[in-house]
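Values quoted throughout were computed directly from the atomic coordinates according to the rules given, and no laboratory measurement underlies them. Since the model is a prediction, treat every value here as computed from it, not as a measurement. Here the Cβ positions follow ideal geometry from the backbone for every residue, glycine too, while neighbour counts run over all protein chains shown.
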Amino acid sequence: MRMSKMGIKTRHHRGQDEALSQEFQSTQLKRHAAGIYGMGNLLVRARNKIIEIIRKNLENYECSEVSLPIIQPKNIWEASGRWSTYAKSKHMFTFEGRNGEYCIAPTGEEIVLDFIRENIVSYKDLPINIFQIGNKYRDEIRVRGGLLRSKEFLMKDGYSFHANKEDMVREYNAMKECYIKIFSDLGLTAIPVKAVSADMGGKVSEEFMCPSPVGEDKVLMDEKSGIALNTEVLEYPEMLEEIKQNNPEFRIDNLKEVPCIELGHIFQLGRFYSENMNGYFVNANGKKEPYFMGCYGIGVNRTLGAICENNCDEEGLIWPKSVAPYKCIIISTPENSEDSEKIYADIKFKNIDVVLDDRADTLGSKIKDAKLLGFPYMIIMGKKYSKEHLLEVETRKTGKKSFLNLDELIKLISD
RNA sequence: CGAGGUGUAGCUCAGAUGGUAGAGUGCUUGGUUUGGGACCAAGAUGCCGCAGGUUCGAGUCCUGUCACCUCGACCA
């Protein structure tokens, strides 16, 4: 990709209250209205890498990717009883179409039941776990902090269906394991925290919390016993009792509030939705029974936001290699611009994601931009290249510089 | 929905007590530059959020309204 074609412009100034990573985000995020954002090339490419990591991990657990509609008819929401509650709370966007009322989906329990119940009719068809990665729409009462809470956002939502409760619990634990792997692959700390999920119609649920100063959720952590709790839990004495019984060391006094970003949430839904939505299978005794359901979500945009917030310094972003939108950027002075085109072509030929900064700016300003935008490697072709024809490679994270020929360079950046 | 705040150039913002619309940055043209956000010269850019009102005169005062931000309430 050529810098001149990317459609971004960096800025020399930062807004008053902007966090460090916001200077980067301001080059990549356009607010069109409250909670409604456009996203630039670098964020989109990083998000695609995140999606790929999520997808690979889920497929390892035999989860099946599907695509469900975002625009959904009113009737399926009336079946679960959530049309009136959601519409009343004004959280759900609804509109009048040619053939009646529709919503723009805030979540997918209803549609997924409508999607599978014709095919999954026997206990022999179970269990099954299907997921999708797509935009969701919620008319949030209060939007917050760019990627962290917006009205349109990308979510991975997955749903599992089971013949009995034990199997639902087994899958829930498997997904918990899978989520831990996903967030660790993304280089994020995400602590599973017990949550209260009254509206979801289920009881057991855990949120995956990523400690961050910009987080809007507060988590209570006890470093001694290693227990982390949602602050809401304090309002439910029976849950506290249970924790105390299972962990003798646990004490409420030891809990400290830590701000966190909620990256994911998994639920044991039970039979609430399947009972209301006519989600039945035939068991081994030939009798109809509602599915047991689990539901598993990851806020993809939030995850992207958390990665930005947790990987930056005074000079800008530092993309972790696993999600970096491009591996490296080539910067040259005018006298080496022809050579830089060649190097660019060679690196591209090796299928390495590379940016050529072909703008007419000075070398210094290009270096500043490369650091702000966080490319893992910066290839500088200036005076030193003119003399010795060695490529200078600077690692963004460590600042370490080395002088290499093309083969050595490709070896370094392709790991 | 409650409390507070902000709307002025593409962006970040300044414009006490009413009197010709400003800066930095960005943009255009030409030239010199090119190693950690270069310099010189010449330019272009405004319904001062919107609507009323007071006044000879309003970016500035008053009323209304809309948008946005922060905190709270709320939130798979």
- Sort A:269-282, A:395-408, A:122-135 for me by packing, meaning the mean count of neighbouring Cβ atoms within 10 Å per residue, highest on top. A:269-282, A:122-135, A:395-408
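To the nearest 20 debye, what is the magnitude of the charge dipole of the range A:326-413 about its Cα centre, counting +1 on the Cβ of each Lys and Arg and -1 on the Cβ of each Asp and Glu? Display every interim value, and only then the final one.
Details: 16 positive and 15 negative charges, 94 e Å.
Taking the Cα centre of the range A:326-413 as origin, the dipole is about 460 debye.
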- Task: Have a look at A:S26, A:L68, A:I36 and report the one farthest towards the positive end of the charge dipole of chain A, computed about the Cα centre with Cβ charges (Lys/Arg +1, Asp/Glu -1).
- Result: A:S26
- Per-residue HN-Hα couplings for the range A:184-189, Karplus 6.51 cos²θ - 1.76 cosθ + 1.60 at θ = phi - 60°, whole Hz, x for Gly and Pro? 6, 4, 7, x, 10, 8
- Note, ³J(HN,Hα) from phi for the range A:394-406, Karplus 6.51, -1.76, 1.60, rounded to Hz, x at Gly and Pro: 10, 7, 4, 5, 9, x, 5, 10, 9, 10, 9, 8, 4
- Query: Around A:M92, which amide H atoms from residues at least 5 apart in sequence, or from another chain, sit under 5 Å from its own amide H, with H modelled in the peptide plane?
  - Reply: A:D139
- Note on the structure: Among A:A105, A:Y385, A:L148, the residue whose Cα sits farthest towards the positive end of the charge dipole of chain A, when +1 is placed on the Cβ of each Lys and Arg and -1 on the Cβ of each Asp and Glu, is A:Y385
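Given charges of +1 on the Cβ of Lys and Arg and -1 on the Cβ of Asp and Glu, with all other atoms neutral, how large is the dipole of chain A about its Cα centre, in debye to the nearest 20? Intermediate values should be presented prior to the final figure.
On the way: 58 positive and 62 negative charges, 191 e Å.
Using only the charged Cβ atoms, the result is roughly 920 debye.
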- Message: Under a crude label model (7 Å from the Cα following the beta-carbon direction), how far is A:S322 from A:D353 in nanometres?
- Response: 1.4 nm
- Query: Using the scaling law 2.2 N^0.38 Å as the reference, what is the normalised Cα Rg of the range A:337-415?
  - Reply: 1.02
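Ranking request for peptides A:253-259, A:303-309, A:49-55: highest mean number of other beta-carbon atoms within 10 Å first, then the rest in descending order. Let's see the in-between values first.
Values: A:253-259: 12.9, A:303-309: 26.1, A:49-55: 18.9.
Result, highest mean Cβ count within 10 Å first: A:303-309, A:49-55, A:253-259.
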- Query: Non-local amide H neighbours of A:R149 (under 5 Å, H modeled in plane, Pro and chain starts lacking H): which ones?
  - Reply: A:R144
- Item | Packing-based order for A:368-376, A:2-10, using average beta carbon neighbours within 10 Å, highest first | A:368-376, A:2-10
- Task: For A:E232, put the label point 7 Å out on the Cα→Cβ axis and report which residues of the range A:206-221 keep their amide N under 11 Å from it.
- Result: A:206-207
- Compute the acute angle (0 to 90°) between the alpha-carbon long axis of helix A:337-349 and the principal axis of greatest extent of the alpha-carbon atoms of chain A; round to the nearest 10°. 40 degrees
- Would you mind computing, in nm to one decimal, how far apart the modelled labels at A:D313 and A:Y280 are, each placed 7 Å from Cα along Cα→Cβ? 6.4 nm
- Can you work out the FRET efficiency for the pair A:K244 and A:R142, with r the C-beta to C-beta distance and R0 = 45 Å, to the nearest 0.05? 0.85
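Say R0 is 25 Å: what FRET efficiency, to the nearest 0.05, do A:K384 and A:T362 get from their beta-carbon distance? Show your work: numbers first, answer last.
Details: r = 16 Å, r/R0 = 0.64.
For A:K384 and A:T362, the calculated efficiency is 0.95.
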- Message: Let me spell out the model: positive unit charges on the Cβ of Lys and Arg, negative unit charges on the Cβ of Asp and Glu, origin at the Cα centre of the range A:66-131. What dipole size does that give, in debye rounded to 20?
- Response: 160 debye
- Task: Positive end of the charge dipole of the range A:219-362 (Lys, Arg +1 and Asp, Glu -1 on Cβ, about the Cα centre): tell me which of A:P259, A:A306, A:L240 has its Cα farthest that way.
- Result: A:L240
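By how many nm would the segment from A:V204 to A:E341 lengthen if fully extended, with 0.36 nm per residue of separation less the alpha-carbon distance? Before the final figure, lay out each step's value.
Working: separation 137, 0.36 × 137 = 49.32 nm, distance 5.66 nm.
Answer, rounded to one decimal: 43.7 nm.
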- Item | Rounded tilt (10° steps) of A:41-60 against the dominant C-alpha axis of chain A | 50 degrees
- Message: If you consider only alpha-carbon coordinates, what radius of gyration and Dmax does the range A:34-181 have, in Å?
- Response: 17.0, 48
- Note, ³J(HN,Hα) from phi for the range A:325-332, Karplus 6.51, -1.76, 1.60, rounded to Hz, x at Gly and Pro: x, 9, 6, 8, 10, 9, 10, 9
- Note on the structure: The orientation-averaged projected area of the Cα convex hull of chain A, in nm², is 24.5 nm²
